[in-house]
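What follows is one structure encoded as structure tokens, with my remarks underneath.
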């Protein structure tokens, strides 16, 4: 009965669908000529020669649908060449390979043919792995449809519009069935190959593109007994070693948005560290590569699949995001509604990845980090640090004040007045802490939990004049003072902020808030561009107080959220640019800019210190260990500190990790007794009384100096495990720090490391 | 009135406790600390949560790389992962035994996790074994659940004995013999937890003869049950399956011979520490009532729990007697000391698909070894996660075991270090307070007990300091009393001699503004309340100004009472600092009564006008001012020993207010006692009706608004 009823409708629909598809194909074949031109347009300075695809005598000649297969090794053509590398491309599949001229090692954009026979995965995923490009899409016309995966090869697409130019090639991938057209470009540079998706030329049919992975199998290798690992930017950097047998875990995957979740969209809860660095890499035996996402990074997710999860290869790729679902509320509170996708795609000028092939000695995570460091100096303009003093800096975060619920109105809890802060610094100085940087937080009116309209300094802790005096005092001790500021939240309404006008909104127009469970308050997020204006306006005030810089907390330089507030509309990349501009202003006008939980894009803005840089990974069982990739890339360029010693980072292990990673110690202190902040709205830290910690701080400081004082401006050039729990960090000039985490002493060749301790071997220059 | 007030206070307390439970999960840079994939919390006396440094840190994963000889390929080995393992045992040498239920075997690992052997008992194969126990003499006992038996193997894995279902008249026929967990005591007696066995642990002797049911739980009995028993027929009531006592899910034995049971699906005494007589050692005396009470175990917070309640699955006891329990529902690990006081808890819902180090998805068993390492068996990810005590946790354990032994002096420096590292950790304050009390530093003990929120300790030390104070000040106090007496006598003598003219001049009250004179009417209400109220109605003895002043003073006094009373009597004052909600409720109820009372009385031939009701009701509140304020002051000089006096006075206050309202109805409306009673009753009913109506109107209008808004949104967006 049921089937009978439904039959006619289905038949009609499918006929209609087929007809539409036919029409669509007709239209595409007509339009393809113009499409190829779109890709060709911007490059008039090169002699581009369109390759006549039919003349290449392909297995799938022009007009014939493609069958998913590995590229024919005999068909590769040289597309570019320099003194180090050669780029070959197969015009039929648009797959490429990079060859090192010195060693003849090859990096492929497709699965290693040697092991393809052992590939067990079937279905769409098998084709996904073969295809140079795969996509996820959804039929937006129906609210019930699910997202689907597809790839260029599987759809029986026709290769067309392939074009070689000097140093690379370009092609527009036309998806025959789903109708997407994605122009891309691959180009060989001095020591890397760059792939680009050209967003301008993307076309869609009836379906909505969600995300793309371009050349997902670049450098991928199965585990066949060789030493190797996936390098993913989890925490300071983490390794997933190649394993021939899957672990106990069922097909683990790593998929994380770059620079953290976006308040305007749905975010998958993964309980992982936010990704702070736009990098990934694979090492397999003697060869490796580092991939740096250089353009469109704000719209990328990092995707990594260890062997056995999706195919037998270990692979990693950037997943370019075009649409992310968001919550469309249908009631006033924003509590009811549904998830949907926007009509508009995310647009960014270009989405590019640089693949740096690395080999031999440089083919490991240290080599990757060194390459990234070179990238940071060349592209971000970072320069080597000139150490101010022979001693390392110690970071003291001072809490001015906070609020808590009171008898009739909120109680103002004074943590540290400016006078007390002066006394605190003098005390630390007398204990031998010669180089201090103070981050003063909670100084604004009504203290730490009062956001927005920061100036003037609250009179109850000393006011502007007190702060000015404190900074002068600090400068006499050659200590730097940064004022902590959060330009991402506003609950005070000060500074003319009105959440209706100036708050961050998602696409549905719902104001986004952060909930404080202690004060039971929803605090509006500020439109990033409004926040930037506010920060810029405050700059003069900071300068008048003599501050050495701003410590950006609450997301600036750390995370990105899209804003659909029509007054301040900004995409993730625009938000990043605005944050960079504010950070840059602090750097140029005040002298410095620190970022809490900093992402690496903050460095482009000019961040001079990454505060409390994560030094541990997210503990996924399929991830094997954390490595100090971020620290190796940063040491000598930008300072970074480890987490607060007095808030659960004070164990022996944490101390040793700080030494191993070359991080500087940090504390959070008040002059007030530790118990005073009980039930405060934001400051929940349970032990902040400076006097309780001063001796320990002085002792730690001496030990840190022993290890790191001499190499403040040096790069880390080596890092390895000498034995389980024994790590060696080598700096330029041979200064070596060996850390032993074990409960037993470690005996090396000609040296011994006491249990749970470290030793320093001076370099030739230092000795 | 008193009832309603009391009730609202109770509701308020409950609410505020609920709200404060979510404490400390703050928006501040919320990154998990280094080395740890979860957050650790402490919950204090008042249910407030405090995030703290990790007490345990994840230290490794065991049992995930088991390999056995390949049966098809001699000489080769193949992976043989665990399959839904249900129990774990760590012997005296720290070797590990796993009941690998899904694979019908026992896996024996060494202390580092390398495979020693696999026990399958080929002569009589196991079938879904869920429990394992290894006796000090090396005998291995297996709860072979699928075969409905206990198997005893010798040290080498040879079958020694099978314990089938024991034969005894004392075992009901309905009893199902599906052993899931067991322990064996020094004598070789078996304590067996059976599936659904609500009778308690089955105790067998070495020969497998039935001894008794041990440590059974009590059936919960609530008010609804009482009603049901009254109304239901015998058959209907018998069908209420939930009335069975909770069945024991797990059993453990401590080195000291105590037997620990864990029971799911009960909300109290989830853990029991049973002595040889089967008495629970974890029940504590209630501070207020003095009765022994069962406590609730298994910590949670609203933020971590997501609305569900704990389901404890297994407990482990370490050398110090600290009890660690795992929760299958909320994935929270809670640790208590040997008296059942919380030390810390950690964990929470594992996020996002992939298993993480330190986060157990489905904890089926927990054990500790001689190093103090915790081992938690994950039956979903088929492995053991291990946790080692952090440096902070180690100091807490050491200090706490000294305190438990009564060695307060020795524990003091350790507790001081704990308090230095965490000022919000009450056990440290408590430890220091006990040490101070023992040393006779009562004032310091008093402060520390107060900070820790421990009423009995505070009360005891305060009693001591008060005693000392009285002893020291005795002379002064006596002198002061004598002087006062002398002055009084002098006044009485002098008063008679003052000439009338001077008396007139001294009588300042005649020249006072009217409203102050009206305030004086309170004294009439004390002496002859009904006449007093009548005077308000017919003689205009009260005015708007005086009534408002009285009302404000009363509400102020109520505020002072609720926040200023000694915390041993009003513990809730510590939790909620703000008095605004309380005051708003007070004012709301009062005004609601005024309006409803007037409405009802105007229908019931009451003679009072609205303003009379208003004045009268304001005047009826004066005991708050007169009695409440002094009582609040005095409460701070009282200890728990005098709680009877305090409660008498406090209740007296509410009774007095209630009576005043009653007399007010009589006096103002000229009612008889019966009329007044009916009137008051109707007023309260009217108040309730009004409240419901207001609520309905509010929710309907907001619903309507939301509906219109949603339709608009749906139309414009979809």
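Report, ordered by the first and then the second residue, all pairs with beta carbons closer than 8 Å, sequence separation of six or more or different chains, a first member in segment A:247-269 that is within 12 Å of chain B (Cβ to nearest Cβ), and a second member that is part of a strand (DSSP E or B) and at pLDDT below 90.
A:252/A:620; A:254/A:620
Out of the residues in segment A:118-133 that are at pLDDT 90 or above and assigned to a loop (DSSP other than H, G, I, E, B), which is farthest from the chain's Cα centre (by Cα)?
A:131
If residue A:310 satisfies every condition in (1) in contact with a helix residue (DSSP H, G or I) (Cβ under 7 Å, 6 or more places away or on another chain); (2) in a strand (DSSP E or B); (3) surrounded by fewer than 21 Cβ atoms within 10 Å (Cβ to Cβ) but one, which is the exception?
Evaluating residue A:310 over (1) in contact with a helix residue (DSSP H, G or I) (Cβ under 7 Å, 6 or more places away or on another chain); (2) in a strand (DSSP E or B); (3) surrounded by fewer than 21 Cβ atoms within 10 Å (Cβ to Cβ) leaves (2) as the failure.
Within segment B:614-630, can you find the residues that are over 11 Å from residue B:525 (Cβ atoms) and surrounded by fewer than 21 Cβ atoms within 10 Å (Cβ to Cβ)?
B:625, B:627, B:629, B:630
Look at segment B:668-703 and say how many of its residues are within 14 Å of chain A (Cβ to nearest Cβ) and modelled with pLDDT of 90 or more.
2
If a residue must be part of a loop (DSSP other than H, G, I, E, B) and either touching a helix residue (DSSP H, G or I) at 6+ places or on another chain (Cβ under 7 Å) or away from chain B (no Cβ under 14 Å) (or both), how many such residues does segment A:337-359 contain?
7
Looking at segment A:682-693 only, could you name the residues that are within 11 Å of another protein chain (Cβ to nearest Cβ) and buried (at least 21 other Cβ atoms within 10 Å of the Cβ)?
Hits for segment A:682-693 are A:682, A:683, A:684, A:685, A:686, A:687, A:688, A:693.
Quick test for you: out of B:665, B:644, B:637, pick the one residue that is more than 14 Å from chain A (Cβ to nearest Cβ), outside any helix (DSSP H, G or I) and more than 30 Å from residue A:326 (Cα to Cα).
Sole residue among the options that is more than 14 Å from chain A (Cβ to nearest Cβ), outside any helix (DSSP H, G or I) and more than 30 Å from residue A:326 (Cα to Cα): B:637.
Can you say whether residue A:696 is within 14 Å of chain B (Cβ to nearest Cβ) and surrounded by fewer than 20 Cβ atoms within 10 Å (Cβ to Cβ), as far as the supplied structure shows?
Against the criterion (within 14 Å of chain B (Cβ to nearest Cβ) and surrounded by fewer than 20 Cβ atoms within 10 Å (Cβ to Cβ)), residue A:696 qualifies.
Inside segment A:258-279, can you point out the residues that are in a strand (DSSP E or B) and in contact with a helix residue (DSSP H, G or I) (Cβ under 9 Å, 6 or more places away or on another chain)?
Result: A:258, A:279.
Find the helices (runs of 4 or more DSSP H) located wholly in segment B:505-615 whose residues include 3 or more that are within 30 Å of residue B:640 (Cα to Cα) and at pLDDT 85 or above, and list them.
B:544-564, B:580-603
Kindly evaluate residue B:75 against the criterion of being away from every other protein chain (no Cβ under 11 Å), surrounded by fewer than 23 Cβ atoms within 10 Å (Cβ to Cβ) and in contact with a helix residue (DSSP H, G or I) (Cβ under 7 Å, 6 or more places away or on another chain).
no
What number goes with the only condition from (1) buried (at least 24 other Cβ atoms within 10 Å of the Cβ); (2) within 14 Å of another protein chain (Cβ to nearest Cβ); (3) not in a strand (DSSP E or B) that residue A:531 does not pass?
Unmet for residue A:531, out of (1) buried (at least 24 other Cβ atoms within 10 Å of the Cβ); (2) within 14 Å of another protein chain (Cβ to nearest Cβ); (3) not in a strand (DSSP E or B): (2).
Can you name the residue in segment A:602-629 that is more than 14 Å from chain B (Cβ to nearest Cβ) and within 21 Å of residue A:661 (Cα to Cα) and is also surrounded by the most Cβ atoms within 10 Å (Cβ to Cβ) among such residues?
Out of the qualifying residues, it is A:607.
Take residue A:330 and decide whether it is in contact (Cβ under 8 Å) with a residue 40 or more places away in the chain and on the phi < 0 side of the Ramachandran plot.
no
Please go through (1) surrounded by 21 or more Cβ atoms within 10 Å (Cβ to Cβ); (2) within 14 Å of chain B (Cβ to nearest Cβ) for residue A:673 and return the number of the only condition it doesn't satisfy.
(1)
Looking at B:48, B:95, B:53 in this structure, which one is at pLDDT 90 or above and within 12 Å of another protein chain (Cβ to nearest Cβ)?
Every option except B:53 fails the conditions.
Kindly list, by first and then second residue, each pair from a residue in segment B:687-704 that is in the same structural domain as residue B:593 (by TED's automatic domain parsing) to a residue that is at pLDDT 90 or above, limited to pairs with Cβ atoms under 8 Å and residues at least 6 apart or on different chains.
B:687/B:589; B:687/B:592; B:687/B:593; B:687/B:596; B:690/B:592; B:690/B:595; B:690/B:596; B:691/B:592
Restricted to segment B:377-397, and to residues that are part of a loop (DSSP other than H, G, I, E, B) and within 11 Å of chain A (Cβ to nearest Cβ), which residue is surrounded by the most Cβ atoms within 10 Å (Cβ to Cβ)?
Here the answer is B:381.
Suppose we keep only residues that are touching a residue at least 60 places away in the same chain (Cβ under 8 Å) and not in a loop (DSSP other than H, G, I, E, B) within segment A:637-656. Which one would you say is farthest from residue A:743 (Cα to Cα)?
Ranking the candidates gives A:639 first.
The values are calculated or read from the model by the stated rules, or taken from the named source; none is laboratory data. Just so it is clear, the structure is predicted and the values come from calculations on it, not from any experiment. Heads up, the Cβs are rebuilt from the backbone with ideal geometry, glycines too, and the neighbour counts pull from every protein chain shown.
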